[in-house]
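Inspection log for the structure reproduced underneath, given as structure tokens.
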Amino acid sequence: MAMKKRRVVITGAAFPAEIARVLEAHGLVIEAIPGTLDRDEIVSTLSGAWGYVQGGSERMTKDVWQKVPELAVICFMGTGYHSFMQLPENPVGMQFTYTPHANAEAVAEFTIALMLDMTRRVTERANEVRAGGWSEVATPSLIGARVGIAGMGRIGQEVARMASSAFGARVAYWNRSIRPELRGLGYTRADSIRELCAQVDLLSLGLAYKPGDNDGVIAEEELTLLGGSGILVNTARAELVDPVALREALMAGRIAGAAMDGYYIEPTPEPHDDPYGLLAMTPRLLVTPHCAYLSHQAVHRMAAMAAENLLAVLEQRVPPYPVPALGTC
Ligand SMILES: O=C(O)C(=O)CO
């Protein structure tokens, strides 16, 4: 009897064709859907599928997950696997994998781009010209600025390296644990995020988001300490910043501006439908569509790692990059 073909749904940025062909050569049927599936599409699309390579911004919630029990494996293309942490016990033995560190350089590069944009106001000035304006105003600079990094994982360390080596930024950081590899690099260690906020011109978040643990770690007090010329750059997860505190800080001029890649709701609603009231706050708030990790190189690396995970599950081997919080699943 012919074996039923195993269907794999892939979402997100264009999945490299040569990696898709490798998967097809192993008998998998690839259904690549560019972008993010919305809540209504996700269950119908995943229904009957064997594998799901999540490259879009879908959130795997408990109600979705329970409706697709045939799914054998979810391969998340990224590092921040927090949405899986909210799932209950996994009695059906579904496997969860991810692609640790594959996009760290890309996210760090984009973080620097946002720092440059927020200090030199590139987007703001370009929008001004588009609207018929032409003003000559000097801006702060990233060169020699005091850059603070909360969370010195792979991305935080890359941001520190790029900011200090390319721009002579003076780097200070906070990290939950001591990281011996940071000694001798000339960075200053703060004892708390608040202490860090009080010392820097720009604060970049490199923290892993842990639901129920560090939601809103950046709140009113942190933003006030950052100060009226301070800039917040969040390329980690929106939830790390308290949205009410951010809105109030921006409105009151308690910080100079904020840039965030990704939002509390993804994809974002129209600004007038935004329950957080932040999306209309241009030019002091810059929001990009959770794209920091999407360089061509990073997508290729993530796809290759996701394919390794997928093929391991197919061949009943332990996948090389299982989501740690869920053990081997
Ligand atoms: O790697 C990550 O966590 C990303 O932001 C992609 O979702």
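Before moving on, here are some points about what is shown:
- Selection count, region 34-79, where residues are within 27 Å of residue 108 (Cα to Cα) and surrounded by fewer than 18 Cβ atoms within 10 Å (Cβ to Cβ): 3
- Note on region 140-164: among residues that are among the charged types (D, E, K, R) and over 15 Å from the mean Cα position of the chain (by Cα), the one that is farthest from the ligand (Cβ to nearest atom) is 146.
- Strands (runs of 3 or more DSSP E) fully within region 1-114 counting 2 or more residues that are away from the ligand (no atom under 16 Å from the Cβ) and at pLDDT 95 or above: 6-12, 28-34
- Selection status of residue 46, touching a strand residue (DSSP E or B) at 6+ places or on another chain (Cβ under 8 Å), touching a residue at least 60 places away in the same chain (Cβ under 8 Å) and more than 17 Å from residue 262 (Cα to Cα): no
- Within the span defined as region 126-139, every residue fails to be under 24 Å from residue 159 (Cβ atoms), within 16 Å of the ligand (Cβ to nearest atom) and at pLDDT 95 or above.
- Any hit, region 281-288, residues being under 30 Å from residue 30 (Cβ atoms), of a type in the set (Val, Ile, Thr) and surrounded by fewer than 19 Cβ atoms within 10 Å (Cβ to Cβ): yes
Residue-wise test of (1) touching a strand residue (DSSP E or B) at 6+ places or on another chain (Cβ under 6 Å); (2) closer than 24 Å to residue 13 by Cα.
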{"position": "76", "(1), (2)": "yes, yes"}
{"position": "101", "(1), (2)": "no, yes"}
{"position": "114", "(1), (2)": "yes, yes"}
{"position": "142", "(1), (2)": "no, no"}
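- In region 305-329, the residues that are at pLDDT below 95 and assigned to a helix (DSSP H, G or I): 324, 325, 326
- Comparison of 181, 158 shows that the only residue that is out of contact with any Cys (no Cβ under 6 Å at 6 or more places or on another chain), crowded, with 16+ Cβ neighbours inside 10 Å and under 26 Å from residue 323 (Cα atoms) is 158.
- Here is the figure for region 261-304: residues that are in contact with a Pro (Cβ under 9 Å, 6 or more places away or on another chain), touching a residue at least 24 places away in the same chain (Cβ under 8 Å), within 16 Å of the ligand (Cβ to nearest atom) and assigned to a loop (DSSP other than H, G, I, E, B) total 7.
- Test result for residue 138, in a loop (DSSP other than H, G, I, E, B), of a type in the set (A, V, I, L, M, F, W, C) and surrounded by fewer than 21 Cβ atoms within 10 Å (Cβ to Cβ): yes
The values are calculated or read from the model by the stated rules, or taken from the named source; none is laboratory data. Quick caveat, the model's predicted, so the values are computed rather than measured. Reconstructed Cβ throughout: ideal geometry from the backbone, glycine too, with neighbour counts over all protein chains shown.
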